[in-house]
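Asker: If you scroll down you'll find the structure; I have some questions about it.
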Amino acid sequence: MKTIIEPFRIKSVEPIRMMTREEREQCLRDAYYNLFTLHSDDVLIDLLTDSGTSSMSARQWAALMQGDESYAGSPAFYRFKAAVENLMPFKYLIPTHQGRAAESILFTVVAKPHHAVPNNTHFDTTRANVEAQGAEAVDLVIPEGRKPELEHPFKGNMNIPALEKFIEERGAENIPLCMLTVTNNSGGGQPVSMENIRQTREVCDRHGIPLFIDACRFAENAWFIKLREPGYQDKPVIDIVREMFSYADGCTMSAKKDGLANIGGWLAMNNEDWAVDCRNRLILTEGFSTYGGLAGRDLEAIAAGLEEVVQEDYLNYRIASTAYVERHISAVGVPTMKPAGGHAVYIDARRFLPHIPPLQYPGQALAVELYRHGGIRGCEIGTAMFGLRPDGKEEPAHMDLVRLAIPRRMYTQSQMDYVVEVVQEVWERRESLRGMKFIRQPRALRHFTGRFAYVDD
């Protein structure tokens, strides 16, 4: 069969509000053209993020009823622990309420002002948590990863020669750890090959630097390895996952992505001294070490989700549905990140809107127009998100993208066809779109709460 169908049935439905263009225009004005500050009830198709927005399975909803809410030593924690260790056998596991909390705890403990942290590409909260400690977040993705139009099977790969050079220049003593983000979210949801993970580990070992994986979308990365990397076609996904983590010393994880849950995350590692300090930090900021800011029912839902996310029928559907949207919009000329990412379709806003310079935020302009025209909420990943430097200077990001992140098990085929139609119609009148400016912005993570206006208003 050519048609890849959803490997599930819909058991419960939630109505969505149908709005006019005029109503959406008013919503944009009220939100100062920041899609993060829209009311979700005013969004038709919400592709802002795939984080915590997925549909949980009947098995996960049933698991919620098993949750024991004991403050310490809940059986829910031990079921959660067993599910994590089945995939990621690190010695120490620290639950958190979500992934950025894991990042915050980790970098608060290990990062100092003179430090630098290399990554293939830091995402926004990861970068902010590194910089909050006065350290420097450095992106070292392969050159192909910064060329949206280029086809390459593993555009998320770490640039190994650049990593070697960086360590030699900065000194291993100034690098508390190296990170790999799988898949590479800021770089278009692109995967990292097993060979590259292994090579990164070898470099880290030579210099005595721990390797941590940003594991939010580990299952999608494993599926790409199975599809694209020689020698892995016949390996079960669960074995690929285990091999990925065997090369790491620890990981940060948001269970709101490939945990298939609405909340939760964890920090895991092999370093006992770090683990002790991180647990103490957890108790200060999140909760006790066997719940970490989560209810027992949340831990149960994550445990069930981790078993479901490595099912190959699900992963086949997941990756194919994202590729479907990318294939249909690129067929009419819409410039996209190639190949399609795992969790999202990335539109190359800089090529979509060449008349808008990067410092007028073409990604934000395009994201706003997709909502105005069709009620679709996406996310700018470009100069608005990454252009502001810690010293207050601004420069264009490497790329200006609009991410259409597809929640897991949420939307139907016809809804994705609607997304395709909206993107195509905006493409047809792209010359009419205008650049944007900030009229108010915080000093960090400005894209979340900043206010925008059009440059000529």
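The values are calculated or read from the model by the stated rules, or taken from the named source; none is laboratory data. Predicted model, so just to flag it, every value in this text is computed and none were measured. Heads up, the Cβs are rebuilt from the backbone with ideal geometry, glycines too, and the neighbour counts pull from every protein chain shown.
Asker: I'd like to know if the stretch 346-355 contains one or more residues that are surrounded by fewer than 17 Cβ atoms within 10 Å (Cβ to Cβ), within 24 Å of the chain's Cα centre (by Cα), at pLDDT 95 or above and of a type in the set (K, R).
Answerer: For the stretch 346-355, residues surrounded by fewer than 17 Cβ atoms within 10 Å (Cβ to Cβ), within 24 Å of the chain's Cα centre (by Cα), at pLDDT 95 or above and of a type in the set (K, R): present.
Asker: Given the criteria out of contact with any Phe, Trp or Tyr (no Cβ under 8 Å at 6 or more places or on another chain) and of a type outside the set (S, T, Y), does E69 qualify?
Answerer: yes
Asker: Test each condition in (1) crowded, with 23+ Cβ neighbours inside 10 Å; (2) farther than 22 Å from R146 by Cα; (3) not aromatic (F, W, Y) for E428 and report the one that comes out false.
Answerer: E428 satisfies all of (1) crowded, with 23+ Cβ neighbours inside 10 Å; (2) farther than 22 Å from R146 by Cα; (3) not aromatic (F, W, Y) except (1).
Asker: Give the stretch 141-177 a look and list any residue that's in a helix (DSSP H, G or I) and of a type in the set (D, E, K, R), or say none.
Answerer: Matches in the stretch 141-177: E144, R146, E164, K165, E168, E169, R170, E173.
Asker: So if I check each of V109, V117, V138, which one is in a helix (DSSP H, G or I) and closer than 27 Å to R446 by Cα?
Answerer: Of the residues listed, the single one that is in a helix (DSSP H, G or I) and closer than 27 Å to R446 by Cα is V109.
Asker: Can you name the residue in the stretch 119-138 that is out of contact with any helix residue (DSSP H, G or I) (no Cβ under 8 Å at 6 or more places or on another chain) and touching a residue at least 24 places away in the same chain (Cβ under 8 Å) and, of all such residues, is nearest to I329 (Cα to Cα)?
Answerer: My answer is F123.
Asker: If I ask for residues that are under 27 Å from the mean Cα position of the chain (by Cα) and assigned to a loop (DSSP other than H, G, I, E, B), which ones from the stretch 424-457 would you list?
Answerer: Passing the criteria: G435, Q441, P442, R443, A444, L445, G450.
Asker: Does any residue of the stretch 90-106 turn out to be in a loop (DSSP other than H, G, I, E, B), over 21 Å from the mean Cα position of the chain (by Cα) and more than 30 Å from G387 (Cβ to Cβ)?
Answerer: Taking every residue of the stretch 90-106 in turn, at least one turns out to be in a loop (DSSP other than H, G, I, E, B), over 21 Å from the mean Cα position of the chain (by Cα) and more than 30 Å from G387 (Cβ to Cβ).
Asker: Looking at R170, R198, can you tell me which residue is surrounded by fewer than 21 Cβ atoms within 10 Å (Cβ to Cβ), of a type outside the set (D, E) and in contact with a Phe, Trp or Tyr (Cβ under 8 Å, 6 or more places away or on another chain)?
Answerer: Sole residue among the options that is surrounded by fewer than 21 Cβ atoms within 10 Å (Cβ to Cβ), of a type outside the set (D, E) and in contact with a Phe, Trp or Tyr (Cβ under 8 Å, 6 or more places away or on another chain): R198.
Asker: Then there is this: Within the stretch 312-334, which residues are part of a loop (DSSP other than H, G, I, E, B) and surrounded by fewer than 19 Cβ atoms within 10 Å (Cβ to Cβ)?
Answerer: A331, V332, G333
Asker: In the stretch 44-68, what count of residues is obtained for those that are over 17 Å from K256 (Cβ atoms) and of a type in the set (V, I, T)?
Answerer: The number of residues fulfilling the criteria is 1.
Asker: Somewhere in the stretch 24-36, is a residue under 30 Å from Y371 (Cα atoms), under 20 Å from the mean Cα position of the chain (by Cα) and part of a helix (DSSP H, G or I)?
Answerer: Checked against the condition, which is being under 30 Å from Y371 (Cα atoms), under 20 Å from the mean Cα position of the chain (by Cα) and part of a helix (DSSP H, G or I), the stretch 24-36 yields at least one hit.
Asker: For the stretch 357-368, how many residues meet the condition of being farther than 14 Å from L38 by Cβ and more than 18 Å from the chain's Cα centre (by Cα)?
Answerer: Summing the residues that are farther than 14 Å from L38 by Cβ and more than 18 Å from the chain's Cα centre (by Cα) in the stretch 357-368 gives 8.
Asker: Between a first residue in the stretch 430-457 that is at positive phi and a second residue that is part of a helix (DSSP H, G or I) and modelled with pLDDT under 95, which pairs have beta carbons less than 7 Å apart while being 6 or more apart in sequence or on different chains?
Answerer: Going by the 7 Å Cβ cut-off, the qualifying pairs are L445/D124; L445/A128.
Asker: Among the residues of the stretch 65-81, is there at least one that is part of a helix (DSSP H, G or I), crowded, with 21+ Cβ neighbours inside 10 Å and free of Cβ contacts under 8 Å to residues at least 60 places away in the same chain?
Answerer: Within the stretch 65-81, not a single residue is part of a helix (DSSP H, G or I), crowded, with 21+ Cβ neighbours inside 10 Å and free of Cβ contacts under 8 Å to residues at least 60 places away in the same chain.
Asker: Test A340 against the stated conditions and say whether it is within 30 Å of E369 (Cβ to Cβ) and in a helix (DSSP H, G or I).
Answerer: In short, no.
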